[in-house]
Amino acid sequence: MPAALAGPLGRVKTLLSTISVGQKIVIGLLLAGLVLGGFVFTRWITASTMSPLFSNLASTDASAIVEELNAEGVGYELTDGGQTIMVAQEQVYDLRLSMSGKGLPAGAETGYALLDQQGITTSEFQQQVSYQRALEGELSNTLKALDGVRSAVVHIALPQDEVFATDEGKPTASVLLDLAPGTNLSGEQIQAVTHLVSSSIEKMDPESVTVADSTGAVLSAAGEGVTAAAGDAQSQMEQEFEGRLAGNAQQILDRVVGSGNAVVSVRADLDFSKRDTTSESYNYVPGTPALSESTTTEGYTGAGGAVGGVLGAENPATGAEGDATYDKESTTSNNSVGKTVETVAGAPGAITRLTVSVVMNDATAGALDQATIQDLVGNAIGLDVTRGDAITVAKMAFDQTAAEQAAADIAAAAQAEETAQMWSMIRTGGIAAGILLLVLLVWLRARRDRGDDYEELEDEDLDLDRIQVESYRDPALDDADAQRELATREKVRGEISEMVSDRPDEVATMLRGWFAESR
């Protein structure tokens, strides 16, 4: 053994020899706990972060990829019912390239990739069917990109081309969505699905798209689906508008009567009709030169008399002789007139009528003027009486049973939490105190045993010193004294031999201490 290690190993052996069995057990348990904790912590620190390699896999593709991973000895995890394969984050890109080189995931060829398989001999019917399948595949891939949609199936019905435009039919589509567990599509999301499909197909209206989920529930029916989705959006808009107005009024009432002593309810009727108005107006500015002007003049000059007499065959006409003159002049002017064309598109969501109800707690608002409260609330929400808006303010006694019960439940929950925390602290403190007490008892017992051993060794040491002193006291002892001294020495030697054989470690420790003191 090297000399550099001999000293430390000797000190360790000496230290271990002075420790009792109980202390050795405690130290061993502590070391085992530290080693186990260090091992677990190291495994946790060095564990790789798992990331998805592929998601939404078909069963055949997942099986093929798992076989390749097993052949390469790569660790993986399956999630999402086997549709997602998780691998170490640092291996994701390398494995994707490796799997792509092997043609995985293969999947079913959909979308516009189907058009690459057409040859010269493909018939018109096959071309039409392939085009329809390509559209359905592309739409399915697009819808799967929506959050909460695991897979989508799209079927399109395209009408045949007709000679006359009046005989042409309109295309329709049906969509089947496989939603993730716990996912519910809102009206706006359903409307987005219908518009995505209808906008991708020529001459298709959003009303011609039917949307259903995997449970068989119809989310949007043809002819009424878009209306239903729009109705949900309109209801949400009304609720947000009502909530904003009620919040404005509630903020004022809370400052006046205190929080929880007033309730405001607003009902808003909104007009979502969209109207476009076009108006034309003409104006003329005096003094503006005419665009065009024409003048017509007529004149006549001649001799003769005016015809007179009674009408009839028996009465001859009579006339006066003389000269006649006739003049006429007319002017036509085309003036420059300004023309204004105005088109106004009415935005949907105009307020038709507002009805407001305000209830205050009689205990706190008994002395308030209701007319003042009505004016304050009306101004806060923009009440217009000429539009037909109405407001009602009332004072009533509030039922505080629910509030008191809620306060009591909150107090009880807080008390229970405090009690649980207290018992947890007591339990933790008791465990810690028990461990400390156990360690203290083991230490005291080991110290007591070590002290008793030292006392026995010191007593025996004193006896040996006394014997040595007496042996050198007088060399000329008589025979009786020599025999007694010899017997005493033999007795002490026997006791020392017995102690050495029974407790060699303590004796060795004591002797080392003597040697160290002598040095």
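The values are calculated or read from the model by the stated rules, or taken from the named source; none is laboratory data. Just so we're clear, the structure is a prediction, and the values are computed from it rather than from any experiment. Cβ placement follows ideal geometry from the backbone for every residue including glycine, while neighbour counts extend to all protein chains displayed. The accessibility values were calculated without ligands, DNA or RNA, using every heavy atom of the protein model including side chains. Shrake-Rupley method; radii C 1.70, N 1.55, O 1.52, S 1.80 Å.
Descriptive notes on the structure:
- The mean sequence distance of close C-alpha pairs (under 8 Å, at least 6 residues apart), as a share of the length of the range 228-293, puts its relative contact order at 29 percent.
- Across Lys144/Lys203; Lys203/Lys274; Lys144/Lys170; Lys203/Lys339, pairs whose alpha-carbon gap is larger than 32 Å: Lys203/Lys339
- Legend: residues Asp384, Asp362, sorted from most to least accessible area (1.4 Å probe; ligands, DNA and RNA excluded), read Asp362, Asp384.
- Couplings 3J(HN,Hα) for the range 430-440, derived from phi with the Karplus relation 6.51 cos²θ - 1.76 cosθ + 1.60 (θ = phi - 60°), are x, 5, 5, 5, x, 5, 4, 5, 5, 5, 5 Hz, where x marks Gly and Pro.
- Accessible area (Å², 1.4 Å probe, nearest 10) - Lys203: 130 Å²
- Proximity of backbone amide H atoms, modeled 1.01 Å from N, is registered between Leu53 and Ile85, Met86, Val87 at under 5 Å, excluding neighbours fewer than 5 places apart on the same chain.
- Solvent-accessible surface ranking, highest first, for Met360, Met237 at 1.4 angstrom: Met237, Met360
- Pairwise label distance in nanometres, Gln128 with Ser336, each label 7 Å out on the Cα-Cβ vector: 6.1 nm
- In order through the range 49-57: 3J(HN,Hα) via Karplus (6.51 cos²θ - 1.76 cosθ + 1.60), integer Hz, x for Gly, Pro: 7, 8, 10, x, 7, 9, 10, 6, 8
- Across the range 59-104, the relative contact order, built from alpha-carbon pairs under 8 Å that are at least six residues apart, equals 36 percent.
- For Tyr300, Tyr282, the ranking by accessible surface with the largest value first comes to Tyr282, Tyr300, using a 1.4 Å probe.
- Counting only heavy atoms of the protein chains and using a 1.4 Å probe, Thr331 has close to 80 Å² of accessible surface.
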